[in-house]
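Quick notes on the structure that follows.
The values are calculated or read from the model by the stated rules, or taken from the named source; none is laboratory data. Note that the structure is predicted; figures quoted are calculated from it, not measured. Here the Cβ positions follow ideal geometry from the backbone for every residue, glycine too, while neighbour counts run over all protein chains shown. Quick note on the areas: whole protein, heavy atoms, side chains included, nothing else; ligands and nucleic acids left out. Shrake-Rupley method; radii C 1.70, N 1.55, O 1.52, S 1.80 Å.
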Amino acid sequence: MTDRLQTVLAAIDAANSADPRMDEGRPEALLYGERMSAELDRLFPDASEPLRIAARGQHVERWKLARSTYPEGRAGYLAWRRAQAVHHAEVVSSLMQDAGYDPDEIEVAGRMLRKEGIKRDPQVQALEDVICFVFLKWYFGPFAAKHSPEKVLDIVVKTARKMSADARARVLQEFDLPAELAAAFQ
């Protein structure tokens, strides 16, 4: 790991340590970033530095843009998600600049965080695949417990749709899903 990569990851972790929301007794965003890095290492061990940074910074300072400040419903949710993506890209870009990354590398990480080029750019798609694996591995169970089977199926279908064919195949190998949910990944 290069010094500048260590510097940026440490800065993201420092920012995420301020998250007032807790999960397993730790700041939510910090835990999420660590999980993202662990899944990235497992799924894409040869990932580029911008992809490693984007994975760790995927939810950097997420708590600062409260969902409640956006309108209810799907349109409000999508506006909040877009604002989050822009915020994450801005924070990560600033940290990368401070650590000495060149503008091209900074732009690559920003595009990944803004999800520009999903299904077309291999690095953007790799980040999305990691996001989906993290959701399935750590957040799907609690989500499913709170929602109707119809809502759960809808989210699983949407998750599978965002993933690459290779990632969908890997989900089927790694997760023991009921037939109706597994069908979304086939």
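When you restrict to C-alpha pairs under 8 Å that are six or more residues apart and normalise by the size of the chain, the relative contact order lands at 18 percent.
The Rg/Rh ratio for region 82-158 is 1.10, where Rg is the radius of gyration of the alpha carbons and Rh is the Kirkwood radius. Put T159, T69 in order of accessible area, highest first, and with a 1.4 Å probe you get T69, T159. Put a dot 7 Å past the Cα of Y77, heading toward its Cβ, do the same for S48, and the two dots end up 3.2 nm apart. A straight line joining the Cα centroids of region 87-148 and region 1-42 runs 13 Å. The listed residues F133, F175, once ranked by accessible area (1.4 Å probe) with the largest placed first, stand as F175, F133.
Would you work out if region 120-185 is rounded, prolate or oblate? Take a ≥ b ≥ c from the square roots of the eigenvalues of the alpha-carbon gyration tensor; rounded if a/c is under 1.5, else prolate when a/b is larger than b/c, oblate otherwise. Judged from the Cα gyration tensor, region 120-185 comes out prolate (a/c at least 1.5, a/b above b/c). Note: relative contact order over region 120-185, using C-alpha pairs below 8 Å and six or more positions apart, is 39 percent. Structure note, pairs K64/K151; K137/K162; K115/K162: Cα-Cα distances above 19 angstrom occur for K64/K151. Each of the trypsin sites (Lys or Arg not before Pro) that DSSP puts in a loop and that has at most 13 other Cβ atoms within 10 Å breaks the chain; the longest unbroken stretch is 22-118.
By the Stokes-Einstein formula, at 1.306 mPa s and 10 °C, region 28-99 with its Kirkwood radius over alpha-carbon pairs has D equal to 120 µm²/s. Between the helical axis of 3-16 and the longest alpha-carbon principal axis of the chain there is an angle of about 60 degrees. In the full protein context, the chain carries 52 Å² of accessible surface per residue, based on a 1.4 Å probe and ignoring ligands, DNA and RNA. Couplings 3J(HN,Hα) of region 41-57, computed from phi: 4, 6, 7, 9, x, 9, 4, 5, 4, x, 5, 4, 5, 4, 4, 5, x Hz, in residue order, whole Hz [Karplus 6.51 cos²θ - 1.76 cosθ + 1.60, θ = phi - 60°; x for Gly and Pro].
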